[in-house]
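J.: Got a structure for you, questions after.
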Amino acid sequence: MLKGALIVVTLAALSAAPALAHVTLERRQAPVGSYYKAVFAVPHGCAGSATVKLRVQVPEGVIGIKPMPKPGWTVETVKGKYATEYEFHGGKISEGVKEVVWSGGKLADDNFDEFVFSSYLTASLKPDTTLYFPVVQECEQGVSRWIDTPAGGNTGNGHDSKTPAPGIKLIAKP
């Protein structure tokens, strides 16, 4: 009886593994109008090949991006215009970081690592929605695009896809 239960638990764990094999965010919810430390967990490479670049697209309404350097990696930011002007530190800003890119390092397929930036979630974002950060993971051989969002972009959890974009549920500021 115990052996049968162990087999069932093992099979359930193995069948759940692919759903957990994508790039995810450590904190799955955050209040609007507050700072957010985005920690992107990269659990593997691309079909056995080492990760050599990670590109994270920053969604509208997320500002004040400051990426954390990683030893052995180069970090770059791509800046651009926002769709609207935002209040930030007593002033108004209309452009900023739209993408963060870590490259030049090598994360073996059988290792795990995290890529981090700090940000500010503007008050213009809507509570009770999900905000997605599309990620492109480039490897020595191949690319994994974690870019799928549910229709409408702001609802659902993206787990129905084989390549879901990491997302956070936005909540009201306490």
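J.: Starting from the Cα of Lys79, step 7 Å along the direction of its Cβ; do the same at Arg27; then give the gap between the two resulting points in nm.
T.: That separation, rounded to one decimal, is 2.5 nm.
J.: For Asp113, enumerate residues with amide H under 5 Å from its amide H, sequence gap 5+ or separate chain, H modeled in the peptide plane.
T.: Val42
J.: Measure off 7 Å from each Cα along the Cα-to-Cβ vector at Asp113 and Lys126, then give the distance between these two points in nanometres to one decimal.
T.: Distance between the two pseudo-spin positions: 3.7 nm.
J.: While we're looking at this one, here's another question. Quick one: ranking Arg55, Arg145 by accessible area, 1.4 Å probe, largest first, what do you get?
T.: In descending accessible area the options line up as Arg145, Arg55.
J.: Let me ask something else about it. For segment 48-166, what is the relative contact order in percent, using Cα pairs closer than 8 Å and at least 6 residues apart in sequence?
T.: Averaging sequence separation for qualifying contacts and normalising by length gives 33 percent for segment 48-166.
J.: Still on this model: What are the residues whose amide H is under 5 Å from the amide H of Gly105, where those residues sit 5 or more places off or on another chain and H is modelled from the backbone?
T.: Thr74
J.: Still on this structure, please answer the following. Give me the accessible area of Asp113, 1.4 Å probe, in Å² rounded to the nearest 10.
T.: About 50 Å², ignoring ligands and nucleic acids.
The values are calculated or read from the model by the stated rules, or taken from the named source; none is laboratory data. Bear in mind that the values here come from a model prediction, so they are computed numbers and not experimental data. Don't worry about glycine lacking a Cβ; one is built from the backbone with ideal geometry, like all the others, and counts go over all protein chains shown. Heads up: the accessible areas ignore ligands, DNA and RNA and are worked out on the full protein's heavy atoms, side chains in. Shrake-Rupley method; radii C 1.70, N 1.55, O 1.52, S 1.80 Å.
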